[in-house]
Each structure stands twice: as C-alpha cells, then as structure tokens.
1. Which of the residues that make up the stretch 138-152 are in contact with an Asp or Glu (Cβ under 6 Å, 6 or more places away or on another chain) and either among the polar types (S, T, N, Q) or in a loop (DSSP other than H, G, I, E, B) (or both)?
2. For the stretch 47-77, which residues satisfy the criterion of being touching a strand residue (DSSP E or B) at 6+ places or on another chain (Cβ under 6 Å) and free of Cβ contacts under 8 Å to residues at least 40 places away in the same chain?
3. Look through GLY164, GLY175, GLY123, GLY159 and report the one residue that is modelled with pLDDT under 95, open to solvent by 20 Å² or more (accessible area, probe 1.4 Å) and assigned to a helix (DSSP H, G or I).
4. Suppose we filter the stretch 10-30 for residues that are among the charged types (D, E, K, R) and either surrounded by 17 or more Cβ atoms within 10 Å (Cβ to Cβ) or near the ligand (Cβ under 8 Å from one of its atoms) (or both); how many remain?
5. Within the stretch 31-70, work out how many residues are open to solvent by 40 Å² or more (accessible area, probe 1.4 Å) and either closer than 19 Å to ARG5 by Cβ or small (Gly, Ala, Ser) (or both).
6. Suppose we keep only residues that are away from the ligand (no atom under 16 Å from the Cβ) and open to solvent by 40 Å² or more (accessible area, probe 1.4 Å) within the stretch 78-90. Which one would you say is farthest from GLN130 (Cα to Cα)?
Amino acid sequence: MNRLRLATLWLDGCSGCHMSLLDTDERLLDLAAQVDIVYSPLVDAKDFPEQVDVVCIEGAVATDADEARLRLARRRSRLLIAMGDCAVTGNVPAMRNIMGAEAMLRAVYLESRPLKPQIPADGLPHLNEQALPLHHFVPIDLFIPGCPPAADTLFAALGGLLAGIADLRLDTRFGA
Ligand code: SF4
C-alpha cells in the first residue's frame, strides 16, 4: 500500500490547531504507520515538497509570504484542508481588519501603553491590509472549523481520507 504523503503548514495562527493534532496522542502512532509527514513544523523539512497527498493548513493569510506559501502548497498538493477557524474564516487574525494593517501596527507598536514604543531591528512586518481565510486565494477541498478543531475531529478527518471516504461527515463547530 502506498503511504500517504502528509504535510501541515502554519500560517497566521497561534499553533493551537497543530497542538490539537498532537493531542491525538497515541493515535499518532497509528497514523505514523500509514503516512509520511513530509513537511510540517513538527518535522525538520526546509522546503515544501512535490507530490503531497494531503496538506492541513492552520491560520489565515496575513502577508505576501503567507500567500506565496499557500499557493505553493496548493500547486503541490492533491487535497488541501483548511484546519481551524483562522483558516476557514480568518477568525482571530481577521479581528484587525476593521482598522487596517497600518493603524493596527501603529496602535500595537507605537501607541500602546504602558509599553514603550518597540520596533524590531529589521522594521515592522509587511502585513496585507486584511487577514483573510484560505479560500480567498485557492480552492479548498475540506473545511474543518473549530478553535481549535477537536483532536478527535482531526483524527477522524485524516482517518477518513486514509480510508478513501469521499463524503466525510465530521462533528465540527465554530469556536471552542
Ligand atoms: S483556529 Fe484557534 S487554535 Fe487554531 S490557529 Fe486560530 S486561534 Fe489558534
């Protein structure tokens, strides 16, 4: 049997969705028997590889770099999963959309009190005007809401894909 080539990608998110994936605990061993994790914050791979079967993506798209990474993952992956509310709706990163990127950076880095003005040595990050969910940029094959999605839900999704189930009915909901 061919082993599934699985990747995970971390865009503008808090890493909570990846933590939930790790919360599948000993079931990770079952997964490990059937998949190769070819790219992820959880493994030491530097470049997103070719011919990925499934990529689970956490976080919204908040920068040009996020968008480039997302588009590369889309080109090189058969199935793309929006993992968690930030990827599905924008969620927490999108809370700054109402004021815009520049005003948000000014408020956080220059006007915050009692914080002293703090600007990183290499300057402020270049943020897109809005943080947006993945489907604004590329087609998505599966949306898994939740902040974060439950470990059981993520395991059910990956297990279903491994079993070749085309019509997954996942127990998901937005928010916690
Ligand atoms: S959906 Fe929730 S847990 Fe996942 S990255 Fe966003 S804020 Fe974090």
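1. Our first condition is that a residue be in contact with an Asp or Glu (Cβ under 6 Å, 6 or more places away or on another chain); within the stretch 138-152, this holds for 145, 147, 151.
Across the stretch 138-152, the qualifying residues are PRO145, CYS147.
2. Answer for the stretch 47-77, where residues must be touching a strand residue (DSSP E or B) at 6+ places or on another chain (Cβ under 6 Å) and free of Cβ contacts under 8 Å to residues at least 40 places away in the same chain: just ARG76.
3. Working: GLY164 fails: assigned to a helix (DSSP H, G or I); GLY175 fails: assigned to a helix (DSSP H, G or I); GLY123 fails: assigned to a helix (DSSP H, G or I).
None of the other options fit; the residue is GLY159.
4. Kept after step one, since they are among the charged types (D, E, K, R), are these residues of the stretch 10-30: 12, 23, 25-27, 30.
Retained after the next criterion (residues that are either surrounded by 17 or more Cβ atoms within 10 Å (Cβ to Cβ) or near the ligand (Cβ under 8 Å from one of its atoms) (or both)): 12.
Result for the stretch 10-30: 1.
5. The first filter runs over the stretch 31-70 and keeps only residues open to solvent by 40 Å² or more (accessible area, probe 1.4 Å), leaving 32-34, 36-37, 41-44, 46-47, 50-51, 64-65, 67-69.
Keeping just the survivors that are either closer than 19 Å to ARG5 by Cβ or small (Gly, Ala, Ser) (or both) gives 32-34, 36-37, 41-44, 46-47, 50-51, 65, 68-69.
Selection size over the stretch 31-70: 16.
6. At the first step, the residues of the stretch 78-90 found to be away from the ligand (no atom under 16 Å from the Cβ) are 78-80.
From what is left, the residues that are open to solvent by 40 Å² or more (accessible area, probe 1.4 Å) are 78-79.
Details: ARG78: 27, LEU79: 26 Å.
Here the residue is ARG78.
For (1) within 30 Å of THR24 (Cβ to Cβ); (2) away from the ligand (no atom under 16 Å from the Cβ); (3) surrounded by 14 or more Cβ atoms within 10 Å (Cβ to Cβ), each residue gets a yes or a no:
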residue	(1), (2), (3)
ARG76	yes, yes, yes
ARG96	no, no, yes
GLY100	no, yes, no
LEU110	no, yes, no
ILE140	yes, no, yes
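The values are calculated or read from the model by the stated rules, or taken from the named source; none is laboratory data. Not measured: the values here are computed from a predicted model. Using ideal geometry, Cβ is built from the backbone for each residue, glycine included, and neighbour counts are taken over all protein chains shown. We work out accessible area using only protein heavy atoms, side chains counted, and drop any ligands, DNA or RNA first. Shrake-Rupley method; radii C 1.70, N 1.55, O 1.52, S 1.80 Å.
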